[in-house]
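Step one of this worksheet: look at the structure below.
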Amino acid sequence: MEYDFKSIESKWQSYWAQKQTFKAVKDSEKPKFYVLDMFPYPSGAGLHVGHPLGYIASDIFSRYKRLKGFNVLHPMGYDAFGLPAEQYAIQTGQHPEVTTTKNIARYREQLDKIGFSYDWDREVKTCDPAFYKWTQWAFLKMFDSWYDTDADKARPISDLIARFETTGYDGISASAWKEASAKEKSDILMNYRIAYQGETAVNWCPKLGTVLANDEVKDGLSLRGGYPVEQKKMTQWQLRVSAYASRLLDGLDKLDWTDSLKEMQRNWIGKSQGTEVQFLCGEQKKAVTIFTTRVDTIFGVTFMVLAPESELVDELTTAENRAAVDEYLLYVKKKTERERIAETKSVTGVFSGSYGINPLTGEKVPIWISEYVLAGYGTGAIMAVPAHDSRDYAFAKKFNLPIVPIIEGCDVSEQSFDAKEGIMCNSGFLDGMDVKTAIERAKDYVEQKGLGRRKTNFRLRDAIFSRQRYWGEPFPIYYKDGIPTAVPFDKLPVELPQISEFKPTEAGEPPLARAKDWTYEGYPLETSTMPGFAGSSAYYLRYMDPHNSEALVDKEVVSYWRNVDLYIGGTEHATGHLIYSRFWNKFLYDLGYVCEDEPFRKLINQGMIQGRSNFVYRIVGTNKFVSFGLKDQYDTTEIHVDINIVRNDRLDMEAFKAWRPEFADAEFVLENGEYICGWAVEKMSKSMFNVVNPDDICASYGADTLRLYEMFLGPLEQSKPWDTKGIDGVNRFLKKIWRLFYDREKWLVSDEKANAQELKTLHRLIGKEQEDIETFSFNTTISAFMIAVNDLTAMKCSKREILEPLVVLLSPFAPHIAEELWQRLGHEDTVTYATFPEYEEKYTVEDSCTYAVSFNGKTRFTADLPKSLDKDAVEKAVRAMEQTSKYVGEQNIVKVIVVPGKIVNIVLK
RNA sequence: GCCUUGGUGGUGAAAUGGUAGACACGAGGGACUUAAAAUCCCUUGGACAGAAAUGUCCGUGCGGGUUCGAUUCCCGCCCGAGGCACCA
């Protein structure tokens, strides 16, 4: 009987589906373990082999954890709202829902072929009203909450209103509040709500006709589509993520994420501790607050700079400078974001005509306006210290402003001295101090004299939450007499209306303005929709209780599953989804809806799988193709060739002729009778003919081979090109396992007792697999497996005592063949419910080993031996010590004691 | 510019202070076969010596250092990948 993966795989896939083998139930007996994949956006192109990499890893881990006695929650769903479906709809008139449904079906079909152990009963789709009801619900909760900085948590807005009414709050007295109109009250509350409407500079993408969040823009271009983005002041819905900046930063410390990812988030949050100082500026002696991290350099201030967008610009521009300033503002405004970035090095600016007074020296310094100062960070105004800040330095050089060094002995003739080191000079009371001391002393001084205060700033901005698009969650907000008002909770979801055209209206309104009767109780509903990250921010909670129509997740359910123990996905979400989700979760935590303040305890970033393209070389002006090794002898053009007609870089010449009509009469210049193709690593894409479809691999090798191969390719976190070259190796490995059970038609498995050698092979594998899976080192596990199987084959070992546990060990990696063999071994239940075999020390360790090695006097050698000490490890250590003794002489006898499970102890005489 | 990574055979890679290259691919040779596929066995980092078993030297991006011993730890460079980038 041969290994027939086709029938085995379809048999077990339908068995699992029918028997609901992977259905997770809330079971407080077993410890829970929640394994989550980042759910995919179902694009029209379907899955390529790169997509399942992380899914396979998480599936192996899930299956392993089940064997280890955990109650595993392992769900899957679709991030189904998004731009591509909508753009397709604009082009074709086809409703995004139709294409999305079709794409989801295709994804599901592809996923099913790989044999994942998902609990499909828990599937979620973000575009499903039953799902986005809870996205809208969370939004309304945010609308109904404010951030209480004293309690450092979100609270219901009713608390804030009560404060306004009784004692007043934050500079608004109770009487002022009572006198305010409904509209004024609404405007005041907007300044506090977690989800609020406010005017800010936003990333506006004219081509897409929508605003974008910071993480959706890269290098001044939209991430989706790559269209130019400009800064524009607009009123938009926003989430007060910045209120959580500090907690988002501190929370990172206790997470088991990679350092690089945590670092990315830290940089994105961008905490900086400094001081705000007031300078009196202009004729009116207007107090202008600046932010600096280097108050110690205040004696070196020679000018001030305002951001062009700052409100102070108008006020501080003198009549005689008005024309020049206006011209400059116009110049800045015309620039696109991309141009600004491209021209970062060029220095521009204009003098306002006004002067500010340095509060410490009383000196008058000119106030300039320049785009190198950002309106959105700090106060939009800075004090410039050209001697000790490279940007100020460049500006001073360009406009001939004075440069005053205040650190002893530094040379500022060519560049500024930015380092925080040295001894202060020209700095009044700070003279003679070391910079670090001076920073603290200057902060104290400024605070004591009432000139300013310590301040922590964050780079993290509030998230712009509205998009002028159709295919997203509608806002449960209507405008009653112009006041944004929440649709009551019991009226959720506010369903996306049917429209027939998906473009913005002629008047420039979002597509929802086209909907008939888009109103609530006669009042107009909000026409923007929510951004992509809305639906993905709490989906991991919804999986816990996906059919609940009363709550996002039941309290008791969430207190069982708590949070995600293992999350696997790409780094591309570092500053988007992974920040928003953490924010969203912390908000729900504040309100008591979830019981953990961090959603994802451990996070693994799988690497990207790139494509490996193949090339043929056409001799210019002919239809003759020359093999790779000979191409330098001719003048050739490189042409991408479909990798499906290339095997191991050898071109299938007949298939090539049939591939394209223009190649039908192609001729070849061969080397050794073969046509060798060139290759390169590129992004996997249709246009480069290098897309590998997992279905094809499943059809020709089977899902088990695909799973093993993707893991065998290298470390999970590393990016690597897909290369089918090595796939035969893992396929052979599975066949070898099969042959331990069958010699053609003959069943080989016997009940004979295993010998020590065979047991040692098995138990070494158990130890290795356990250790490696826990560290996500799947490629080395598979290597260990291959060695074990080769050993058993060589020993002709087909004993049940060995093979039964072997099948269990195999099942996380190659579940289909494992199930089949498990059944053939006579088991009625599935291998999923088996128990991970115990690692038994007695087969690998001789109880205790004492070795004597000679030394000379003072040597302190230590050998780090693995916890699972076996004889080999001990011998290895002893060899090492013998090596050492060669160098140090043999005068003194040293006793080396090896204890099972623990290190080597060296006793010196 | 700053942060984070990584650099080992023809290829994917293993080894985190102790025999570098496990395991796998590819390549070469052989067995079985009418033949092919499949399967199995041998060789496979480089150089040199030898008829051969085998031996010697070199070798983990480059240059130093610590150590009896370094792919591994430390210092300084070079190159690649990813992220951030006028954040005061």
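The values are calculated or read from the model by the stated rules, or taken from the named source; none is laboratory data. Remember, it's a predicted structure, so these values are computed and weren't measured experimentally. Neighbour counts are summed over all protein chains in view; Cβ atoms, including those assigned to glycine, are modelled from backbone coordinates with ideal geometry. The protein model used for the area step is the full one, side chains on, heavy atoms only, and it has no ligands, DNA or RNA in it. Shrake-Rupley method; radii C 1.70, N 1.55, O 1.52, S 1.80 Å.
Observations, loosely collected:
- A:Ser43 contributes an accessible area of around 40 Å² to the protein surface, as traced by a 1.4 Å probe with all chains present.
- Cα shape, the range A:730-770, gyration tensor, a/c 1.5 rule: oblate
- Straight-line cross-link reach from A:Lys753 at under 15 Å between alpha-carbon atoms covers these aspartates and glutamates, not counting any fewer than eight positions away in the same chain: A:Glu801, A:Glu804.
- Sorting A:Trp561, A:Trp268 by accessible area puts them as A:Trp268, A:Trp561; the probe is 1.4 Å, largest comes first, and only protein heavy atoms count.
- Chain A, helix-only ellipticity at 222 nm - DSSP H runs n ≥ 4, -39,500 (n - 2.57), divided by all residues, nearest 500: -10500 deg cm²/dmol
- The alpha-carbon atoms of the range A:243-398 define a convex hull whose volume equals 139 cubic angstrom per residue.
- Accessible solvent surface per residue of chain A, calculated while the other protein chains remain in place, 1.4 angstrom probe, Å²: 45
- Largest first, the residues A:Asp121, A:Asp389 sort by 1.4 Å accessible area into A:Asp121, A:Asp389.
- With 0.36 nm allotted per residue and the present C-alpha distance subtracted, the A:Lys746-A:Glu447 stretch has 98.8 nm of extension available.
- Per the Cα gyration tensor, the range A:94-237 maps to an equivalent ellipsoid with semi-axes of 41, 24, 13 Å, ordered largest to smallest.
- In the complete set of protein chains, residue-level accessible area for A:Glu9 is approximately 10 Å², probe 1.4 angstrom.
- About its Cα centre, the dipole of the range A:787-843 is roughly 260 debye, where the only charges are +1 on Lys and Arg Cβ and -1 on Asp and Glu Cβ.
- Distances between placed amide hydrogens fall under 5 Å for A:Phe303 paired with A:Ala384, all partners being 5 or more residues away or on another chain.
- Here's the picture: a label point sits 7 Å out from the Cα of A:Ala287 along the beta-carbon direction, and within the range A:359-377 the residues with their amide nitrogen under 14 Å of it are A:359.
- Of the residues A:Gln197, A:Trp134, A:Pro96, the one whose Cα sits farthest towards the positive end of the charge dipole of the range A:86-202 is A:Pro96 (charges of +1 on Lys and Arg Cβ, -1 on Asp and Glu Cβ, taken about the Cα centre).
- For the range A:250-299, the spread of Cα positions along the three principal axes, ordered from largest to smallest, is 55, 20, 14 Å.
- Within the shell of other residues whose beta carbon sits under 14 angstrom from the beta carbon of A:Ala574, the net charge comes to -2, with Lys and Arg scored +1 and Asp and Glu -1.
- Rounded if a/c under 1.5, otherwise prolate or oblate - the range A:144-213, Cα gyration tensor axes: prolate
- Share of carbon and sulfur in the accessible heavy-atom surface of the range A:600-701 [1.4 Å probe, %]: 49
- Against the criterion of solvent-accessible heavy-atom surface with a 1.4 angstrom probe, A:His573, A:His763 sort, most first, into A:His573, A:His763.
- For chain A: relative contact order, % (alpha-carbon pairs under 8 angstrom, 6 or more apart): 13
- Helix A:157-166 vs. chain A, principal-axis angle (Cα, 0 to 90°, nearest 10): 30
- Distance between modelled label sites at A:Gln633 and A:Glu2, nm, 7 Å Cα→Cβ extension: 4.1
- The portion of the accessible surface of the range A:417-476 made up by carbon and sulfur, rounded to a whole percent, is 46 (1.4 Å probe; DNA, RNA and ligands excluded).
- Chain A, dipole about Cα centre (Lys/Arg Cβ +1, Asp/Glu Cβ -1), debye to the nearest 20: 780
- Nearest-20 debye value, the range A:405-554 charge dipole, Cβ charges on Lys, Arg, Asp, Glu: 140
- Here's the picture: charge each Lys and Arg Cβ at +1 and each Asp and Glu Cβ at -1 in chain A, and of A:Ser186, A:Ser145, A:Thr437 the one pushed furthest to the positive end of that dipole is A:Thr437.
- Shape of chain A, Cα gyration tensor, a/c cut at 1.5: prolate
- Ordering A:Thr575, A:Ala384, A:Phe778 by Cα displacement along the dipole of chain A toward the positive end leaves A:Phe778 in first place; charges were set at the Cβ atoms of Lys, Arg (+1) and Asp, Glu (-1).
- Within the accessible area of the range A:66-113 (1.4 Å probe), percent carbon and sulfur: 51
- If you take all other residues with their beta carbon under 11 Å from the beta carbon of A:Tyr244, and give Lys and Arg +1 and Asp and Glu -1, the sum is 0.
- Charge tally around A:Asp389: other residues with Cβ under 10 Å, Lys/Arg +1 each, Asp/Glu -1 each, net 0.
- For A:Ser500, solvent-accessible area (1.4 Å; no DNA, RNA or ligand), Å²: 100
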